[in-house]
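The values are calculated or read from the model by the stated rules, or taken from the named source; none is laboratory data. What you see is a predicted model; the values in this text were computed from it and never measured. Cβ placement follows ideal geometry from the backbone for every residue including glycine, while neighbour counts extend to all protein chains displayed.
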Amino acid sequence: MGGQPAFHLFRFPIHIRPGFLMFMVLVVFIHPNEFGFWLAGSAAVLTLLHELGHAFAARGTGAEAEISLDFLAGYASFVPVRALRRWERAGISVAGPAVQIGVGVLALSLMGASPLDHALSDTAAIEAIRWTGPVMGLFNLVPVLPLDGGNIAMAGLDVFLPGRARKPMLVFSVVLTISAAVWLFTQPRYQGLAYFVIFPLIVQLQMLSSTRAVKPSRRINAGAEGEARAWAADDVSMMPAGLVPSPWYRAYQQLRAGEPEVARAVLLADLTSDEPPDWWPPDTAPRETLATLVHLLPRPLPHGRPYSELALVRVLQRVGLHDDAVRYGAEAFGVTRTSAMALMVAQSSAVLHDPDTALAWLGAGIQAGNDLDSIADGMDRLPDFDELRHDDRFRRLRAGLDET
């Protein structure tokens, strides 16, 4: 998903970015004493354990995961094999801070110290582990984005606002973070903690500002024009030589004739065909018609010719079945690893407000390497990736494409 790992741990690839090493050096520079070395060391270990918590939880759903350690943060990326339920996404989020807090409390208990109460007899090691273990773990559970607590809260809010929870969660996060920063700066005893609030606030504002519309500039060729004409006017005379109307249009004709079983057979026959495709996807078909045709297909959705699988994922996206698109696309990618399919799964994951999964699928598409131009074009123009464009991981992936 993201370059050559530094090493593997429990079969998870571990990436160490230059920013992570710079952060360790900065900690020691700020605290050039025993406490600084303990703080840097315990931060490194507990951050890694935190991300291992996420990675093991993701693996529990069948996903492949890897870990990256970067400046001020670590993150676990994973590629799911199916659409994740809300409680599974929340569970993956809570697993990281739970491990961080648990290990920190255990270490402090073995050292005879209280997890949260400072004592005059505390050593530099105890103080460092307290800050990087239970204190930072609890801080990560505050219900604001981009912290784990924010992702947990957003999964809960999604129950009441399905597919629409991200924006109100962001607004709430910004308001709460600004309020906390103002209060901390007015308290001499806690002014030092206020600087920890600035980092999530910057990320939140970047996320909110990523609202520009990116209009598609898809090239409309003769096949696309012919397919569009068929749907708009029942006129197939504009189909160029060598191409026929899509099986979705032919199935729609059968459905109008009162033959739903024949319509279903047309779609299934195309999926199981081993002939080269000779049609253009139904990009201009009415969504209601496509939804009716999708309903005709058996469950689980059948697999077959890769081109037809891509078209089916695109149809699922058109009708708003993004959970099905992620699940079906992931299954198809497991058989035929194409950049185009990974891009589409990443797109639906982004629509479902699952940035880690979307980024992991973009990485998988780049790694597949068979259509990097489509990955670059999709990352540049698709509005579904607007909220990811603030993310440094997204920027690194896109910059890496320019270097290939």
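Remarks
- Where residue 308 falls short, out of the listed (1) touching a residue at least 60 places away in the same chain (Cβ under 8 Å); (2) more than 26 Å from residue 232 (Cα to Cα); (3) not aliphatic (A, V, I, L, M): (2)
- Number of residues in the range 271-317 that are of a type in the set (S, T, N, Q) and in contact with a helix residue (DSSP H, G or I) (Cβ under 6 Å, 6 or more places away or on another chain): the value is 4.
- Sole residue being of a type in the set (D, E, K, R), surrounded by fewer than 18 Cβ atoms within 10 Å (Cβ to Cβ) and either assigned to a helix (DSSP H, G or I) or touching a residue at least 60 places away in the same chain (Cβ under 8 Å) (or both), chosen from 275, 227, 261: 261
- Any hit, the range 295-308, residues being in a helix (DSSP H, G or I), hydroxyl-bearing (Ser, Thr, Tyr) and assigned by TED's automatic domain parsing to the domain that holds residue 362: yes
- Condition check for residue 54 on (1) without any contact (Cβ under 8 Å) to a residue 40 or more places away in the chain; (2) at negative phi: one failure, at (1).
- Annotation: residue 93 fulfils all but one of (1) surrounded by fewer than 23 Cβ atoms within 10 Å (Cβ to Cβ); (2) farther than 24 Å from residue 343 by Cβ; the unmet one is (1).
- Where helices (runs of 4 or more DSSP H) sit wholly within the range 318-378, those with at least 1 residues that are farther than 18 Å from residue 391 by Cβ, among the β-branched types (Val, Ile, Thr) and modelled with pLDDT under 95 occupy 322-335.
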